[in-house]
Each structure stands twice: as structure tokens, then as C-alpha cells.
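The values are calculated or read from the model by the stated rules, or taken from the named source; none is laboratory data. The structure presented is a predicted model; accordingly, all values stated were derived computationally and were not measured. FYI the Cβ positions are ideal-geometry reconstructions off the backbone, even for glycines, and counts take in every protein chain you see. Heavy atoms of the whole protein, side chains included, go into the accessibility calculation; ligands, DNA and RNA do not. Shrake-Rupley method; radii C 1.70, N 1.55, O 1.52, S 1.80 Å.
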Amino acid sequence: MKRIAAALIAALLCASAGGGAAPAAVDQALIEGSAMPAKLSAFGLFAGNDPARPVASFAYTLRTPLFSDYAEKHRFVSIPAGKRATVLADGTVDFPVGTVIVKSFGWPDFNEGRPVETRLLIHRASGWVALPYIWDADGKDASLAIAGRRVPVAFKSPDGTAHAIQYGVPNRNQCKECHSRAGTIVPIGPKARNMVLADTVGADTRALYFTNPAALKPVMPRWDDPASGTLQDRARAYLEANCAHCHNPEGSASNSGLFLRWTDPVGVNYGIGKRPTAAGRGSGGMDFAIQPGDPDHSFLIYRLESLDPGIAMPELGRSAVHKEGAALLREWIAAMPKDAH
Amino acid sequence: MRFHVLSLAAAMVAVAASPAAAKTINVSAEGADANEKLQEALILAEPGDVVQLGAGTWTLTDGLSLDVDNVTLRGAGTGEGGSILDFSGQQGAGEGLLVTSDDVLLANFAVLNTRGDGIKSKGADRIVYNELRVEWTAGPKEANGAYGIYPVESQDVLIDSVYVRGASDAGIYVGQSRNIVVRDSIATENVAGIEIENCFDADVHDNIATKNTGGILVFDLPNLPQQGGHNVRVFDNVVSDNSTPNFAPKGNIVASVPTGTGVLVMANRNVEVFDNVFEDNGTANVMIVGYRYDQKDPKYQPLPRQIVVRDNAHGKAGFAPAFPGGAEIAAAMGGAIPPVLWDGAGDAIVLDDVGILSLGLPDVTTPQSEAKPVPVKLGGTPPPALPAIVLPEGMEAKVQ
């Protein structure tokens, strides 16, 4: 994926050199209309429809991202010329109508690193709309897959393990299951506490696209970098990025009473000594989501390490076990005093 | 027992009365892309539309979902020759079908062998489940999914004339909802036949709950967004032979339900159990208990309060009490314990002319091992009768 990253940086530099405004190639009328074009190219979000050449206002990464079957994700935002986003007090970003958040998924060692899918989150006057596109076999364009699809992919994870999985491209409803707040679609990743704008995005560009660029201060640690935060904070960052989009009082898992946002207190409703609610087989015969000091009797771990749809968490978007993520949470639970609840 | 049968004429009237723009989207089980076409129809449907499933079997690998208000998903029947959604090869999603929109009608199809829950609806107000079959076809197995029919966090729920078998938790489970009717349905060979949990205002009537571990449960649990379950009426049901050994995965609350339980009320207030027919429930026909697990939720009320049991017909019960110490108590009482079992916590009024056994454990923190079983009378004047649940007219019209 290095090749793509290099091209991406080059593209961004070009964009910046042009004054920072997104080139006219983006079809803003289409973005802000009501259509769901069959082909991704219609939006003009990639120069020459080359996934390595995004037409971006800015690219960003996340300090702690959602695990998606070890996929490498490339994210950028397109904000219409003349409009600006605002970081709100709770750290979420209020993007103007006409914004598109674009995320491409691929594996460096699969299909020459070309993306398998590109997901769009489009802010229309009626609200956010989620559209999944799967890249065609010839790699020249991507096709709308409103009902989702399973795509066979093969790759090696960082520890060298070979994986061959039926990767699940979500359908439009599934996009919403995670991106839902009180029943409406909202972005998840781009929050001030987690979002890191690419180094190439200078102060001018930040000021061009944000009313309050100084508020872009990522405070969450990197889950896999011990230098960036304590064990507990890295575990909390991981839970925020991987679970909290559903596990919050306005999310798809509100009824569970398990709330895993960065801002939630680490108590019963964070899983500590919490009995299963509607877990079914997900309890794995255990009494508590988190049994302090005992990861082997914490069904939160059991569910993260399972691939069985009746057990596995998250329920969507995971066809491989995130060994390294589970190891972090195991370490965190093991380090808790046994009488912590 | 009155079973609602949707006549063809009624269906045609319903279609004719729909707004002009509403349409029927026909979906076929034939073809390599049948699954994608079905999910696509559920996404592209517009309010007022009917998604009509043809006869046949869909072999699904992923969960289906519906997020459009006022859509009907209707099949050609629940049995042979009907519309069968078979999830035996499911690879993803926590349930077979997920509904997250309001005013939805699900009718006349079957959901089989999901890995997780069968049909879940969340935040789906005024949902109607009618003439459905949700089944794990191999019968009771711990590997079966948890809930068959699973509405949660919804206002106005109607479950009418469904059949659920094999759920490793509850066949019909209504959680954290308000204004609920579960009627004319059959729940068999589940751990819990029907479970009303952390709900306000529910009528459970004219159902058959048989061969489950426990027939009908009315529960309230701590640490959840909606708690304080109350105003539940359980009446005119047949609750018999709930003798299936508990096959729930340990840790879940229903894993603690003793085999042979008829109706079990835990930590609710104002629950009325009346005019039911009980038969062959080896532990008890009616059990009334507190929530006895360790918990520190200051907002939670663990005691059953103002529970009324009256005018039920009691057949044989209490002959195989499947709780710790139960066999010894039964032996001491001549082979069986009385049909009504109370742990001694909270308060209840039992007007049925049958024996009542108290375990003498008024404090829920006292372990059950310290039970002091004693026959008791629980007479008194019941609180004013609860009103019948009334659903919005449009919901009732959907099942006429």
C-alpha cells in the first residue's frame, strides 16, 4: 500500500498547491442531490477514477481505528468550496451539507494493494447517506452494492498468519447500524479526539475547511503504542473505536446497557462485573462481560475472539479475529485487581 | 383460543386502501442473486410498500434488515410451500432479520436456524408480528440462537399467531418496551417460552406455552436503560408440561430457570396471573421471586410487589422441583410441593385454591441454601385490576 500512500500524498500536495480548494472535478450537484449513482466514478471523487488520486479537501487517519479484518483504510474528506466544518464541544465535527467522507478498504498483499471497496458517507440536506461501492474486477470503476456482498479476500496479518476470508461489504442498512445515533446516520471516525489530519495538511488548509481548526486536538492514545497512553487508556481507546458506535445510549446496542464510549466511567455499565443481558450464546457460559483479573472468564474477550455470528462482536464488519486487539484487552483485564467490583 | 386468520379478502381490501403510490415488490427465491435481491427490496422499499416473498426457500449467508417505515414484509406461508428464510449457513450478523423502522408488519413467512436471534426489532414502534414461524429445526440445543422473536425498546408491539421453537433463551422475548400484546401464539421447546423483561404495560394471553423449560416469564433486571417492569397481565394461556431441561448458555438469566416452571414473575410490580390453565409443570405452576444476584444499582427494585394470582386452573405440579433442595422438600411434603412457589421476598396475593410454598427468604441477599420452606396463605384484597392493553387501531387492522 506504500505505493498508494505515496501517490495519495502527491495528490494532496497537488491539491494544496492549487490553493487547497477541491478541484472542480467533484460533481457537487450529484453529491447534494438524491441520486444513488450505479458507478463511483460519477461523483468525480478520484482523479481519473484512480483510487490512488483522491480529490480531497484533506486526508486523515485515526489514532485508534476500527478493526476491519486487517484492511488498510484510506480516508479523506471532500468539503464543498467555500464551506467549513466546525468542531463541536463534544468533539464531534459538524460537517457542512455537501461533504463526502470517503473510506477505501484494501490489503497491501491482495490484488496488488488495490482497494476492494470504497464507502461514501454523504451529507445531503436530508441527512447523511451511506453508500457502499465495490471495485470492479478490472479496477477501473466501482459499482454500487446497496445490498452488500461477501467478497473472498486473502492476506497475511502482521504476525504472518495467512487469512482467507469472506469479507463482508456492508449493505446500506448495515452502514446505518453502526453509524446510527438515535436512529439517524452520523459519521463515527472523524472526531477531534481521534482524528489526525495528514502532515501535508497545513495551517492554511485547516483554516480553509474548519471554523475552529485549533480544536482539532487528538487526545486518544494509539491503541498499539504504549508510549501514547496507559494500558487502560489504550484499552479504552480500542473500545471507543471498535464498540462505542453501537454501545452507547443512542446506538444500536443501547438496550444492552453496556456503554463503551471514551467518556463513559469504567464501572458496571462498562462491563465490569456486568451480567449478560441479551447475549445468548455470547455469554460463553460466563457470568460477566469483564471479570476483573480474569480475561478467560470475561465474555467480552470471548465474543471478540469468536467468528460465530451468534457470538461474535462486533456483529458487523468482522470476519477475522483481531488477535492483537484482543491481546491488549486481555492484558488490561488481567491487570485489574480481582476485587474491582 | 381464537386464532387470527388473514383472509384473502381482507388482504385485498388492505391493499386497495393503501395510498396510490404504494406498490408491491415481488421477490423470488429463484436465481443466484435471490438473497441480494431480497435485501435490495428491503432497502429500496418506500413507506406504504409491500415486499411480497414468493414461495420457496432462501438460503441466506447474512442477516437481512429493514429500516423503512410503514413497510409490510409478507410471505406465502410458514410451512411447506411457504416462504422460508433459511439461515443454516449464516456467516454474519447477530440475527436473521433486523427491523429498525416504525409501523412495520411482518407476516406469513418462516425464519429458520439463525446463528443468533431470529427476528429482532429495535426502536420499531407499532410493529406487528403476525403468522410467523421462527424455529431451530433440530429442537432444543445450546448452540441455537438466543431469541426467536425479539422486539426491544419499542412502543406498541403486537405479536399475534406466531410459532417459535428451539430458542436457547426465549422463544418470544419482549424487552424494554411499552404497551405490548402477545397473543394466540405457540412457544414450545425453548428455554423460556415467552419472556417479558423490563417492560411496562403488557398483555400476554391466549398463548400455548408447552415443553419449554419455563413457560412464561415476567422479569426485571438491573443496570439497563429501562427498568422497573410493571403492569403485566398473563391470562387465558395454556401453560403445560414445561419439562425441557434447561439448555441456555450459563450466565444468562434464563439459565437459572428451573425446569418445570409454568409462570415465573421476578422483580416486577403489578403483575396479574389469571384464568390460565396449568398442567404438568414439575417445579411449579406459578413462581414469584426476587432478583437474588449481587447488584449495586441504586435505581433497581429487586422485589416482586403487588403480584396477583387468581382464577387459574391448576393441574398436576411440583412433582419434580428442579431447584437446589427441591427434591428434599418434595420428599418431606409427600412427593410434591404445592403448585405456587414464592421465595418469600416482596409481596403477592394468591387467591387460587391451591397450596403455596414459601422458601422463607424475604431478604434477597440471603442465599437460597438458607431457605426455610413453609406452606403459607397469601390472601388479601388485590389492588384495582389493570386495564386491558389497547393498541393503535391501525395495528389491529393489520391482523383482521
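General remarks:
- Antiparallel DSSP beta bridges within the protein assembly as shown, as percent of all bridges there, nearest 5: 30 percent
- Exposure of A:Phe76 as accessible area (Å², to 10), given a probe of 1.4 Å and all protein chains: 10 Å²
- Semi-axis lengths, Å, chain A, gyration tensor of Cα atoms, sqrt of 5 times eigenvalues: 34, 22, 19
- Charge sum, other residues only, whose C-beta stays under 10 Å from B:Ala22's C-beta, Lys/Arg counted +1 and Asp/Glu -1: -1
- Cα convex hull volume per residue for the protein assembly as shown (Å³): 154 Å³
- Acute angle (nearest 10 degrees) that the helix B:34-44 long axis makes with the longest principal axis of chain B, alpha-carbon atoms: 90 degrees
- Ranking A:Arg330, A:Arg281 from most to least accessible surface, computed with a 1.4 Å probe over the protein chains only, gives A:Arg330, A:Arg281.
- Surface composition of chain B: carbon plus sulfur atoms contribute 55% of the solvent-accessible area (1.4 Å probe, protein chains only, all chains present).
- The residue list B:Val191, B:Thr366, B:Gly315 was ranked by how far each Cα lies along the charge dipole of chain B toward its positive end, using unit charges on Cβ atoms, and B:Thr366 comes out on top.
- Cα-based helix-to-principal-axis angle, B:8-17 vs chain B, degrees rounded to 10: 70 degrees
- For chain A, modelled as a GNM whose springs connect Cα atoms under 10 angstrom apart, the maximal fluctuation among A:Asp138, A:Asp109, A:Asp264 occurs at A:Asp138.
- Over 21 Å (Cα to Cα) - which of A:Lys191/A:Lys217; A:Lys73/B:Lys120; B:Lys120/B:Lys296; A:Lys103/A:Lys140 fall in this group: A:Lys73/B:Lys120; B:Lys120/B:Lys296
- Cα-based reach from B:Lys316 at 20 Å (exclusive), listing lysines while leaving out same-chain residues under 8 positions away: B:Lys211, B:Lys377
- Loss of accessible area when B meets A, both sides summed, Å² nearest 100, probe 1.4 Å: 3200 Å²
- The stretch A:31-149, Rg to Rh (Cα coordinates; Rh as Kirkwood inverse mean 1/r): 0.96
- Dipole of the stretch B:136-387, positive direction: furthest Cα of B:Thr283, B:Val152, B:Ile180, with charges on the beta-carbon: B:Thr283
- Peptide A:246-253 is shielded by partner chain Cβ atoms: per residue, an average of 1 of them sit within 10 Å of its Cβ.
- Residue order by solvent-accessible surface for A:Ile188, B:Ile216 is A:Ile188, B:Ile216, largest first, with ligands and nucleic acids left out and a 1.4 Å probe.
- Counting heavy atoms of the protein chains alone, B:Arg126 has an accessible area of about 70 Å² for a 1.4 Å probe.
- Radius of gyration and maximum dimension Dmax of the stretch A:187-261, Cα, Å: 14.7, 44
- Taking a straight Cα-Cα cut-off under 16 Å and skipping sequence neighbours fewer than 8 places away in the same chain, the lysines within cross-link reach of A:Lys338 are A:Lys274.
- Kirkwood hydrodynamic radius over Cα pairs of chain B, then Stokes diffusion coefficient at 4 °C and 1.567 mPa s, in µm²/s: 61 µm²/s
- Largest GNM mean-square fluctuation among B:Gly77, B:Gly116, B:Gly251, using chain B with Cα springs under 10 Å: B:Gly251.
- Quotient of Cα Rg and 2.2 N^0.38 Å for the stretch A:211-255, N being how many residues it contains: 1.41
- For the stretch A:126-270, the normalised intensity computed at q = 0.20 Å⁻¹ comes to -1.29 (log10 of I(q)/I(0), Debye sum over alpha carbons, equal scatterers, no solvent).
- Charge dipole of the stretch B:66-149 about the Cα centre (unit charges at C-beta), most positive-ward option of B:Gly96, B:Asn113, B:Leu85: B:Asn113
- Mean residue ellipticity at 222 nm, helices only, chain A: -5500 deg cm²/dmol; runs of at least 4 DSSP H residues each add -39,500 (n - 2.57), and the sum is divided by the number of residues.
- Alpha-carbon centroids, the stretch B:74-131 and the stretch A:118-174: separation in whole Å: 25 Å
- The stretch B:136-387: antiparallel DSSP beta bridges as a percent of all, rounded to 5: 5 percent
- The Kirkwood hydrodynamic radius of the stretch A:219-296, based on inverse pair distances between different Cα atoms, is 13.1 Å.
- For B:Val277, solvent-accessible area (1.4 Å; no DNA, RNA or ligand), Å²: 70 Å²
- Average projection area in nm² (convex hull over Cα atoms of the stretch A:63-127, one quarter of hull surface): 5.9 nm²
- For chain A, a Gaussian network of Cα nodes joined below 10 Å ranks A:Leu45, A:Leu88, A:Leu258 by mean-square fluctuation, and the top entry is A:Leu88.
- The stretch A:177-191 and the stretch B:167-181: distance between their alpha carbon centers, rounded to Å: 27 Å
- From the alpha carbon centroid of the stretch B:319-343 to that of the stretch A:219-278 is 44 Å.
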